Amino acid sequence: MKAVAVFPKGREVKVIDVPEPRLRSPTQVRVRTLEVGVCGTDKEVVEFKHGKPPEGEDHLIVGHECLGEVVEVGEQVKGLAPGDLVVPRVRRPCPSPECEPCRAGYTDFCVTGEYTERGIQGAHGFAAEFFVEDAAYLHRVPRELRGVAVLTEPLTIAEKALREVAHVQSRLPWKPKQAGRAVVLGAGPVGLLGAMVLMRAGLRTTVYSRSPKPNAKAELAESLGAPYVSSKQHPVDALVKQRGRADVVYEAAGVASAAFQLLEGLAPNGVFVLTGVPQSQEEELDEGVLMKQLVMNNQVVVGTVNAAAEDFQEAVQDLERFRKKWPGGLERIITARHPPEAYAEVVKGDKRSAIKDVIVFAPG
Ligand code: BGC
């Protein structure tokens with residue numbers, strides 16, 4: 001079968017032919033890959049800055065944002081049948097008996113760093129015509145989400161973040177009457193999906209991103225009901241003047257300088273969630289100013305990565321809610337579909353479209 005893989009030694013990215021995987025345990029499921037989304041992490045993987053092949057292998061099959069269709073189930077699998085649509089989780093637990101989060105099923109909080117991630121870290125991904133996975137790592141998706149469910153995994157980032165914001169804000173000894181204001185930094189798929197989650201939770205949400213208007217991301221954000229402000233045209237103080245300070249900042253741009261500048265726009269008692277992984281380390285900060293602001297305003301900065309089973313369940317439900325609340329909105333996030341042969345050019349940027357690119361393995 002066809003698969004897309006990176007070969008770190010030769011620094012190559014190519015379509016290869018590999019044997020079709022088979023069920024090797026009664027709890028496994030064989031899945032036909034329908035679509036695989038690409039993101040900034042995939043760019044890091046194809047540029048050999050992040051990720052590694054499985055132990056003892058010279059290549060890694062890429063792809064971690066996936067929608068598939070069940071073709072075969074092991075005899076102990078319950079609740080899944082051939083024809084069902086499924087989305088797989090990404091991270092698998094580390095082997096350490098001492099890792100409490102992994103042993104408790106919260107591998108997204110792994111403390112040893114010895115987890116694997118399919119398509120990223122030490123385990124083959126889903127950019128292949130078929131894959132096999134344990135049923136415990138698959139989430140069933142209703143058929144009517146066929147066109148948008150490839151967005152489930154990037155949406156789980158926002159689901160986990162929102163859950164953490166709720167936990168953090170339960171520290172406030174009074175119950176705030178209003179959901180408050182949010183600013184999303186970055187208007188890529190993670191930012192736009194984050195804005196949808198925050199608006200669904202009742203926050204008055206602004207999307208703050210570099211490109212001046214008009215542009216496709218700004219149009220989409222505003223059609224969803226989130227005003228778009230360009231950071232090129234409006235520095236943070238202008239943003240604050242226009243929109244007020246934010247009780248929640250959801251960072252989804254991966255640029256440290258832009259993120260920490262926006263700390264100035266965080267309201268007292270606010271929470272700042274970082275989801276992006278910056279690539280360069282040449283940025284400078286005034287740590288003293290930041291520390292004083294955090295302390296004097298009781299603020300919290302939280303980093304978040306990966307997501308748990310409950311975030312996948314919530315994401316699938318949110319996709320259904322979003323389709324009703326914003327008809328056609330999710331569809332507009334997916335701005336291009338490509339064949340597997342285009343993978344390298346899409347991920348590196350030559351064929352990248354305005355928002356989300358998706359690789360199609362099985363049309364329909
Ligand atoms: C994925 C996460 C993963 C992270 C780090 C992100 O793009 O969505 O599942 O944990 O990269 O590898």
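A few comments on the model shown:
- Subset of segment 29-40 (residues that are surrounded by fewer than 23 Cβ atoms within 10 Å (Cβ to Cβ) and either out of contact with any Lys or Arg (no Cβ under 9 Å at 6 or more places or on another chain) or within 17 Å of Arg143 (Cα to Cα) (or both)): Arg32, Leu34, Gly40
- Every residue from segment 1-43 that is within 20 Å of Lys356 (Cα to Cα) and within 16 Å of the ligand (Cβ to nearest atom): Glu35, Val36, Gly37, Val38, Cys39, Gly40, Thr41, Asp42, Lys43
- Residues satisfying the stated conditions in segment 44-59, i.e. within 12 Å of the ligand (Cβ to nearest atom) and under 16 Å from Val15 (Cα atoms): Val45
Okay, residues lined up against (1) at pLDDT 95 or above; (2) surrounded by 24 or more Cβ atoms within 10 Å (Cβ to Cβ); (3) closer than 14 Å to Ala309 by Cα:
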residue	(1), (2), (3)
Tyr137	yes, no, yes
Arg143	yes, no, no
Gly147	yes, no, no
Leu151	yes, yes, no
Leu155	yes, yes, yes
Ala158	yes, yes, yes
Glu164	yes, no, no
Val183	yes, yes, no
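- Test: residue in segment 329-339 that is more than 25 Å from Gly83 (Cα to Cα) and either of a type in the set (A, V, I, L, M) or within 16 Å of the ligand (Cβ to nearest atom) (or both): yes
- Criterion (surrounded by 19 or more Cβ atoms within 10 Å (Cβ to Cβ) and either in contact with a Lys or Arg (Cβ under 8 Å, 6 or more places away or on another chain) or within 18 Å of Cys39 (Cα to Cα) (or both)) met by exactly one of Ala259, Ala252, Ala218: Ala252
- Residues of segment 227-246 classified as touching a Lys or Arg at 6+ places or on another chain (Cβ under 9 Å) and either aliphatic (A, V, I, L, M) or within 24 Å of Trp326 (Cα to Cα) (or both), total: 6
- Within segment 199-235, the set of residues being within 14 Å of Ala182 (Cα to Cα) and of a type in the set (A, V, I, L, M) comprises Met199, Ala201, Leu203, Val207, Ala221, Ala226, Val229.
- Any hit, segment 336-355, residues being of a type outside the set (Lys, Arg), free of Cβ contacts under 8 Å to residues at least 12 places away in the same chain and loosely packed, with under 13 Cβ neighbours inside 10 Å: yes
- Leading residue by the ranking (surrounded by the most Cβ atoms within 10 Å (Cβ to Cβ)) among those in segment 112-126 that are assigned to a strand (DSSP E or B) and either more than 10 Å from the ligand (Cβ to nearest atom) or aliphatic (A, V, I, L, M) (or both): Ala123
- Residue match in segment 84-105 (condition: touching a residue at least 60 places away in the same chain (Cβ under 8 Å), within 16 Å of the ligand (Cβ to nearest atom) and under 17 Å from Ala362 (Cα atoms)): yes
- Residue match in segment 196-207 (condition: under 21 Å from Asp42 (Cβ atoms) and within 19 Å of the chain's Cα centre (by Cα)): no
- From the list Ala238, Ala267, Ala253, the one residue that fits, being at pLDDT 95 or above, part of a strand (DSSP E or B) and in the same structural domain as Leu220 (by TED's automatic domain parsing), is Ala267.
- Wholly within segment 177-231, strands (runs of 3 or more DSSP E) carrying at least 1 residues that are among the small types (Gly, Ala, Ser) and in contact (Cβ under 8 Å) with a residue 40 or more places away in the chain: 181-185, 204-209
- Odd one out for Glu314 among (1) under 30 Å from Ala166 (Cβ atoms); (2) of a type in the set (Asp, Glu); (3) out of contact with any helix residue (DSSP H, G or I) (no Cβ under 8 Å at 6 or more places or on another chain): (3)
The values are calculated or read from the model by the stated rules, or taken from the named source; none is laboratory data. Bear in mind that the values here come from a model prediction, so they are computed numbers and not experimental data. No Cβ is skipped: glycine too gets one built from the backbone with ideal geometry, and neighbour counts run over all protein chains shown.
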